[in-house]
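First the structure, in the form of structure tokens, and then the observations on it.
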Amino acid sequence: MPDLNFQEWADTANADAGLVHRGRYVNAVVLLDLGDEHHLISIRDGRIESIVPKPRVMPLWTFAIRAPREEWGAFWQARPVPGSHDIMALLRRQVMVVEGDLHPLMANLRYFKDVLEIPRGKANAA
Amino acid sequence: MSATIEDITGRYLRLTLDGTEHRIYFEEAGSGIPLLCLHTAGADNRQYRHLMQDPAVTERFRVIAFDMPWHGKSSAPEGWRDRPYELTADAYRDLVVGFADALDLVDPVVMGCSIGGRIVLKLALERPDRFRALIGLQSGPHVAPYYEREYLHRPDVHAGDLIPALMSGLIGPDAPTANRDETLWHYAQGGPGVFKGDLHFYKDESLSDDDLAAIDTTACPLYFLTGEYDYSCMPEDTIYLAAQIKGTEAIIMRGLGHFPMSEDHELFMSYLAPVLATIEAEGL
């Protein structure tokens, strides 16, 4: 499973002017469900403000993206195999679930795809 | 300065289908066996421009591709603002056969991709007499929904942004960037609700196993080519088809996705050329 560097993830996203511009209307908190680990990605005006572990009490998020640890690991390979190469492919294979208020995700799909692919090749896959 | 005029001709056909006159744009290049090409859902005939500029094809085949009504430069019928567009299997079959009849195409080959790869199954089942051979690109019997289609056509989501983002992962990772961007631009240009209307046919009108088993490939040969990065029609979907339809084989194209003809023409031709050579050699 990838050993994620959340600060590097956020810094990389925020340093990409095109990405931030595409996401300039995005204000959302995304629950990233890695199976046995949960994090909240807070986004304001297209910039990632923080990525923090989900609080134990009263967590609040806009929408959740859930997949088992091994699926995220395959997704974050530098060169994923077909079927692990896109979040839509994971949804199609029914190994990923998105739930909650999905309007921000669908209205800004390329932005979220780009953000979620940032750890690709950087995460240390076990 | 460098300038080239491509050897592709575009014209319009006035064709009445089900009581409605359509103005249908089509392009063609080459001469020989008619090869009628069907574009994917929500796109248009520009997907086949590479095929139309390949002498290895156009010296032996007359390559023709139309824009379906509501797509590309074909008109949407009068009243489009007041009713939703919804493609049906019967209307799509009648369009393909009607177009071939209108152009007096003698023993044409039909090659369709995605929804076009689905309709060739219906043509194989119902009109094997009309065609020399059929080629299904990204052919599958059905697709289970994997996202909510309502997002494709609603005022608070820009479909010109959403649909290319949905399609982007369907393209092989090594496709030339220019081809990737152009393929997605075709999607960005689709009219409101048109991609969603095409998906009615693609996702809601499946062929049954009995339909598939009834296809007689001795009456009209049927070929399947599917890119491995496709998660709309996955390789296993085409493999399933080939298992159901006697006399067919699923050829999985490595490195390609859902749009082989517009992603990477050279790589696509490494798979298509042997099929075209077989069709040519077999004659009628």
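A short reminder: the numbers here are calculations on the coordinates, not readings from a lab. None of the values given here were measured: they were computed from a predicted structure. Cβ placement follows ideal geometry from the backbone for every residue including glycine, while neighbour counts extend to all protein chains displayed.
Consider a paramagnetic label point 7 Å from the Cα of A:V57 along Cα→Cβ; state which residues of the range A:1-39 have an amide N under 13 Å from it. Counting backbone N atoms under 13 Å from the label point, the list is empty.
Here B:K196 is the anchor, and the lysines within straight C-alpha reach of less than 20 Å, apart from those fewer than 8 places off in the same chain, are B:K73.
Nearest 0.05, what FRET efficiency do A:D3 and B:S2 give at R0 = 51 Å with Cβ-Cβ as r? Working shown, then result.
Numbers: r = 50 Å, r/R0 = 0.98.
After rounding, the FRET efficiency stands at 0.55.
Cβ-Cβ distance of B:E236 and B:A178, R₀ of 35 Å, FRET efficiency by 1/(1 + (r/R0)^6): the value works out to about 0.70. What does DSSP give for the protein assembly as shown in terms of the percent of beta bridges that are antiparallel, rounded to the nearest 5? Within the protein assembly as shown, antiparallel bridges account for around 55 percent of the total.
Of the GluC sites (Glu not before Pro) in the range B:68-150, the ones in a loop by DSSP (not H, G, I, E or B) with at most 15 other beta carbons within 10 Å are B:E78, B:E86, B:E148. Across the options B:G172, B:W185, B:L241, the greatest Cα extent toward the positive end of the charge dipole of chain B (unit charges at beta carbon of Lys, Arg, Asp, Glu) belongs to B:W185. For B:K246, the lysines whose Cα falls under 18 Å of its own Cα, not counting residues fewer than eight places away in the same chain, are B:K122. Each peptide among A:37-45, B:181-189 gets the average number of other Cβ atoms lying within 10 Å of its residues, and from highest to lowest they stand as B:181-189, A:37-45.
Rounded to 0.05, the FRET efficiency of the B:E280 and B:E78 pair, given R0 = 51 Å and the Cβ-Cβ distance, is 0.75.
Residue separation of B:E249 and B:Y146 scaled by 0.36 nm, minus their Cα-Cα distance, works out to 34.4 nm of gained length. The slack in the chain from B:D209 to B:H158, taken as 0.36 nm per residue of separation less the alpha-carbon distance, amounts to 14.6 nm.
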